[in-house]
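Trainee: Submitted below is the structure of interest, expressed as structure tokens.
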Amino acid sequence: MDIAKYIGLFLLKNHFCYVHGLGNMELHKLPASHDGKSLLAPSYEVVVTPGGSIDDNLANFIATNEQISISKAANALRDYSIQARKDMAQGKEVPIPNIGRFIEENGKVKFITDDNFKFTPAGIPTIKNSKQLEEQNTRPAHKPSYPPPQKPDSVNWSMVILVIVLLLILGGAGYGIYYYTVGGKSAKTPPQPVVAPVKDTTPIAAPAIDTAHAQPDSLSMPLTMPADSNQVTTFRMSVKAYHNKEMADKRVKAMSVSGVHADVMRVDSLNYLVLASVTCRAMDTTHFKDSLGRLYGYKSVQIFR
């Protein structure tokens, strides 16, 4: 890619050309002069100034003519500028074809216009007779040519991926709103049981039931609750059933180590219940039953006083 050629073409077309790192090139018109023998026509020279308008016009011009992306053209232009500064620092000249060359003097970039450089700005042609006027009118007008647009891909995968990500985000947001507004109310977790040890009180053991006259429904009799449901009372709730007292005593000992006061109640000669002491309001006993059942894996939790 001949960057120097495009710099010259852009300069002649627009009368200026900014190159980052080199400066702003401008076409200056010199007035007509007389050399003592004849009148010399006005001429043009190229002057480099350190300032300029930083834009992508030159990169866009190169990209359009080379059929490449603007970013690729900008990278090539930057590499050209860096190499040009290196060459000038070594005392070399950086030519611009048919226009002149860059040089460096005292750390500043200057441009020497070629002695053979001739520039005639585009203007309105002079019409001298009717024949030229007719030719001018019949001449087809110039129309700028643009590169044909690139054929788009049949599927824009970036847009497809973006739509899928947005749908996933919206779906997650909708599920979260539903869970916290509807599902959360129906699936509230009951409060964790607060098991408080009884202060130095010996639990009242249930009377031994004669196996010959024991009734299986005697423990499921309705419990008399306090009249005030907000009154805090100590209840005893069954958390495990065993067929021998040794296993029941072992469970009570393990619960005592963890800070839970418990005791063993004999149901009959073959069945023993481990009861945990729970201090709570009467209205909260149902939640504590469910919590203890899940905690100890016992579904038939019963309440005693």
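The values are calculated or read from the model by the stated rules, or taken from the named source; none is laboratory data. Quick caveat, the model's predicted, so the values are computed rather than measured. Cβ placement follows ideal geometry from the backbone for every residue including glycine, while neighbour counts extend to all protein chains displayed. To get the accessible areas, we keep the full protein, side chains included, count just its heavy atoms, and leave off ligands, DNA and RNA. Shrake-Rupley method; radii C 1.70, N 1.55, O 1.52, S 1.80 Å.
Trainee: Which ones in region 5-15 are surrounded by fewer than 17 Cβ atoms within 10 Å (Cβ to Cβ) and touching a strand residue (DSSP E or B) at 6+ places or on another chain (Cβ under 7 Å)?
Mentor: Residue satisfying the conditions is His15 alone.
Trainee: A follow-up question, please. Within region 17-35, identify whether any single residue is modelled with pLDDT under 90 and at positive phi, and answer yes or no.
Mentor: Taking every residue of region 17-35 in turn, at least one turns out to be modelled with pLDDT under 90 and at positive phi.
Trainee: Something else now. Here are the criteria: (1) exposed (fewer than 13 other Cβ atoms within 10 Å of the Cβ); (2) within 17 Å of Asn14 (Cβ to Cβ); (3) at pLDDT 90 or above. Tell me which single one Ala63 does not satisfy.
Mentor: So Ala63 meets the others, but not (1).
Trainee: I need a count of the residues in region 274-305 that are under 14 Å from Ala241 (Cα atoms) and open to solvent by 10 Å² or more (accessible area, probe 1.4 Å).
Mentor: Of the residues in that region, 9 qualify.
Trainee: In addition: With in contact (Cβ under 8 Å) with a residue 24 or more places away in the chain and open to solvent by 40 Å² or more (accessible area, probe 1.4 Å) as the only criterion, which of His34, His28, His20 stands out?
Mentor: It is His20.
Trainee: May I ask you to say which residue of Lys108, Lys86, Lys118, Lys131 is at pLDDT 90 or above and loosely packed, with under 15 Cβ neighbours inside 10 Å?
Mentor: Lys86
Trainee: Which members of region 39-59 meet the condition of being small (Gly, Ala, Ser) and modelled with pLDDT of 80 or more? Walk me through it before giving the result.
Mentor: Taking region 39-59 as the starting set, the residues that turn out to be small (Gly, Ala, Ser) are 41, 43, 51-53, 59.
Correct list: Ser43, Ala59.
Trainee: Hey, can you tell me all the residues within region 262-288 that are charged (D, E, K, R) and within 14 Å of Ile303 (Cβ to Cβ)?
Mentor: The answer is Arg281, Asp284.
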